[in-house]
1. Would you mind estimating how fast the chain diffuses translationally, via Stokes-Einstein at 10 °C and 1.306 mPa s with the Kirkwood radius over Cα pairs, in µm²/s?
2. How far is it, in nm, from the label point at residue 24 to the one at residue 115 when both lie 7 Å from their Cα along the line to the Cβ?
3. Radius of gyration and Dmax for region 69-134's Cα atoms, expressed in Å?
4. Taking the Cα centre of region 40-136 as origin, work out the dipole magnitude from +1 charges on Lys and Arg Cβ and -1 charges on Asp and Glu Cβ, in debye rounded to 20.
5. How far apart, in nm, are the 7 Å Cα→Cβ label points at residue 42 and residue 146?
6. Set the Förster distance to 41 Å, then compute FRET efficiency between residue 130 and residue 82 from the Cβ-Cβ distance, nearest 0.05.
7. Where does region 9-94 land on Rg/Rh, using Cα atoms and the Kirkwood Rh?
Amino acid sequence: GQVQVTNCVFLKNACCGVTISTCSGVTFSNNIIREQSFVMDNTPGNTYLNNIFCHPSPIAGGNIAINNIYGIHPDSIFVNGSFPVYNTAGNYQLRPSCSGNNAGTDGTDIGMYGTTEPFKAGSVPVNPHIRQKNIPSVTDGQGNLNVIIKVGAQQQ
């Protein structure tokens, strides 16, 4: 169908060695596909725009490929990422020397820190959220319930 996969990070497909398989009509843009071995299987009719590939020639015939970056060494992409499993303590921002900086279709970085609404460290949303709460199960002698709730939000 008309699926769009944008500003994602594909670390590795641990299942079968193929990162993208059996799909068509998909537009992949501004993604980082870190797999160095066989990346795609049975994927005709897709569009690949401004992606980073560690594989030197991952896109098969029958696809559209524009402004992609190929053959990037995996260790030269992220500041401090964990592989092949995502780790919340890792820093998946692009290294200053990475060719994906400001190389997305919208002029922002390729990967999850691109777009006008980039990923927030720790997955903390911009909207207010509860950081701490203390709600007793009983009231005091006057019938009051002493509730303490602390909220916070990240800056945009």
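1. 89 µm²/s
2. 2.8 nm
3. Both quantities, over Cα of region 69-134: 14.4, 52 Å.
4. 400 debye
5. Label-label distance for residue 42 and residue 146, simple model: 6.4 nm.
6. Numbers: r = 28 Å, r/R0 = 0.68.
For R0 = 41 Å, the calculated efficiency reads 0.90.
7. Result: Rg/Rh = 0.96.
Bear in mind that the values in this text are calculations on the coordinates, not laboratory data. Remember, predicted model here, so these are calculated numbers, not experimental data. Reconstructed Cβ throughout: ideal geometry from the backbone, glycine too, with neighbour counts over all protein chains shown.
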